[in-house]
Each structure stands twice: as structure tokens, then as C-alpha cells.
Amino acid sequence: EAQVTQNPRYLITVTGKKLTVTCSQNMNHEYMSWYRQDPGLGLRQIYYSMNVEVTDKGDVPEGYKVSRKEKRNFPLILESPSPNQTSLYFCASKRSSGANVLTFGAGSRLTVL
Amino acid sequence: GENVEQHPSTLSVQEGDSAVIKCTYSDSASNYFPWYKQELGKRPQLIIDIRSNVGEKKDQRIAVTLNKTAKHFSLHITETQPEDSAVYFCAASINNFNKFYFGSGTKLNVKP
């Protein structure tokens, strides 16, 4: 089944404790991206990657890092999480050419205390 | 950067009525406008999209219209059904479909 898989789905952590949210897709998509969803703000793009070793900032990249060492994986790294990063995070992927349909993962709900 | 505004934030209609959700964008370079539906606790899923070289697109009960001059686009749902109840997000994309800017969402409630 074609899908985008995120882990963990739920995480409660404390301020300053580094964490990584993994994202993997099995559709051979070149493009991957991360979003955060907050009430009243919709989805905001954090980072995106057009292909392996190519990443770029979205609208709200502060406090986040990403890497794209393999085509299927695009982890989101919070080096020193803060409470304002408490949010619902979605990873998405799509082909770089043709249809622009974003396929989203199931979401990762992160709480930073 | 691009700014997408979406209205209304909540919309309640009777089953069978039509629903209209409106979005405006600020960057005339935006050239792709998708709409995503997010059911409660689920991931967003594309329901319809339109490119800037087209003024209207229909898919069964759903249609999207685009006015490039006024920089606004709208989602129209006819003959609404309870399963249409969800949060709907509009979005605008620039930079060769790599950067996406989403509206704040509209919670649609279809009353049986």
C-alpha cells in the first residue's frame, strides 16, 4: 500500500531534550515536506526537499532541522524543543513532475512541557 | 511571502444545501490552488485543485473557481451530505509547486 509513515504518532517530552520525528514514503516520490498544524493557523510549511541532499526552508523553519540522505526518508529534528513547538506535525510527499497531489502521513502529535 | 486568507472559519448548512468557502491570496506568482479535506483525527486529503491557467474545474458535486485578477478562489459543494462534514483547507503554491501556503481552515458541519 502506497503510504507515508510517521513515527512516533504521539510524544510528550520536556524542554531541551532533542527529538527526531521520522518520515518514510514508499512511493519513490522525489519531493517531501513537513508541516505543523495549529488551531486557527492551518498548516504551515516547515521545510521541504526536492530530492536527496536538497532541502529548503518553508514558512516556519526556526527551531527545526531536516536531512534527506535517502530518497524515502525525511526526518524532522528538534535539537532543543520548546513549548511553542507543541503542535500536530504532518509529513507529506509528492512527485516532482506531473500531478502535485500531496500525500500526507497520519500526523505526529508532539507536546513539549 | 504569500498570505492566504480563508473564510468563513465555520460553516453550518442543512443536508442538501450548497456550501461555499472562499480564499484570497496575495502573491500574483501563485499558480496552483489545491483544496484539502481533513476529517476529524485524520490526515488532509486532496479533493480538487486548479491551476492558474484555468478559471473553473468541476468534479461531481465539487467545483473550484479562480479569479486571478481579484486573487481569490472558491470551493463550491452542492447537495451537501453529512459525510461532507470536515475541515477544508485551501492552499496556494509558488516556486514550481514546492512551497505551499495554506489557509486557516473552514469547519463545515452538514446537519442531517
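Can you tell me which of B:S74, B:S104 is assigned to a loop (DSSP other than H, G, I, E, B) and farther than 23 Å from A:S96 by Cα? Within the list B:S74, B:S104, the selection yields B:S104. Each residue in the stretch B:68-102 was checked for being crowded, with 19+ Cβ neighbours inside 10 Å, β-branched (V, I, T) and away from every other protein chain (no Cβ under 11 Å), and 2 pass.
Just for the stretch B:84-110: of the residues that are polar (S, T, N, Q) and over 13 Å from B:H7 (Cα atoms), which one is modelled with the lowest pLDDT? Per the criteria, the residue is B:N95. Counting only strands (runs of 3 or more DSSP E) that sit wholly inside the stretch A:6-81, those with at least 3 residues that are out of contact with any Leu (no Cβ under 6 Å at 6 or more places or on another chain) and surrounded by 17 or more Cβ atoms within 10 Å (Cβ to Cβ) are A:19-25, A:31-38, A:42-51. Scanning the stretch B:33-66 for residues that are within 13 Å of another protein chain (Cβ to nearest Cβ), within 30 Å of A:R109 (Cβ to Cβ) and part of a strand (DSSP E or B) gives B:F33, B:P34, B:W35, B:Y36, B:K37, B:Q38, B:Q45, B:L46, B:I47, B:I48, B:D49.
Scan the stretch B:39-60 for residues that are loosely packed, with under 14 Cβ neighbours inside 10 Å and over 20 Å from B:S28 (Cα atoms) and the total you get is 7. Within the stretch B:13-32, can one find any residue that is at pLDDT below 95, surrounded by 13 or more Cβ atoms within 10 Å (Cβ to Cβ), among the aromatic types (F, W, Y) and in a strand (DSSP E or B)? Yes, the conditions are met somewhere in the stretch B:13-32.
The values are calculated or read from the model by the stated rules, or taken from the named source; none is laboratory data. Just so we're clear, the structure is a prediction, and the values are computed from it rather than from any experiment. Counting neighbours? That spans all protein chains shown, and the Cβs are built from the backbone with ideal geometry, glycine included.
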